[in-house]
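The values are calculated or read from the model by the stated rules, or taken from the named source; none is laboratory data. Just so we're clear, the structure is a prediction, and the values are computed from it rather than from any experiment. Cβ placement follows ideal geometry from the backbone for every residue including glycine, while neighbour counts extend to all protein chains displayed. Keep in mind that these areas ignore ligands, DNA and RNA; they rest on the heavy atoms of the full protein, side chains included. Shrake-Rupley method; radii C 1.70, N 1.55, O 1.52, S 1.80 Å.
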Amino acid sequence: MTDLPIRTGFLPLVREAARRLVGMTGDDETASLRAGEARTLVFSGDEQRLEVSRPDGSVWVARREQAGVARTVLYSETDRLGTYHLRAVDSDGTVKARPSKTSWSTWTPASPTRRLDPSQRPDRIAVASPGAKPPKHRVELWHSLAAIMIGLLLFESVLTLRRRRA
């Protein structure tokens, strides 16, 4: 058994592993936002429309008012947990793929990232009420099985030596 899931570094480890599995690099600091945080989206080149696909499948659209003018839009509808995808559409209607920053995910700090007090750990909970039965002590069987296997191996070795002598 391990106590890795109750250590403070477990959630960041899982989050980073999940980000790597879906192809997000560590360069993009905004690849992961807390649910409800806003993200700034930037029009570049001749892009006329930015589309954000939400985790529930709906699409949010931002349009550029003046062509050729760099403009930023604040996207604040990140209240759903999951992955958001960004698409840029040119003036002729073609969808441009940006090399990076095309998707991000939201998360919530619902679980505290502090070490549990030993009295709260399930494997160390003391019986609080008087007269209650204490928790059963778990006996690991592999110790006994390993000792039996070693004993059988030694017994077989002794038998083999006796046969060789005879």
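Numbers for the structure displayed
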| item | result |
| --- | --- |
| 13 Å beta-carbon shell around TRP60, net charge (K/R +1, D/E -1) | +2 |
| Accessible area in the full protein assembly, largest first, 1.4 Å probe, for MET1, MET149 | MET1, MET149 |
| Candidate residues GLU156, GLU37, GLU51: accessible-area rank, largest first, probe 1.4 Å | GLU156, GLU37, GLU51 |
| Accessible surface, 1.4 Å probe, highest first, among residues ASP46, ASP3 | ASP46, ASP3 |
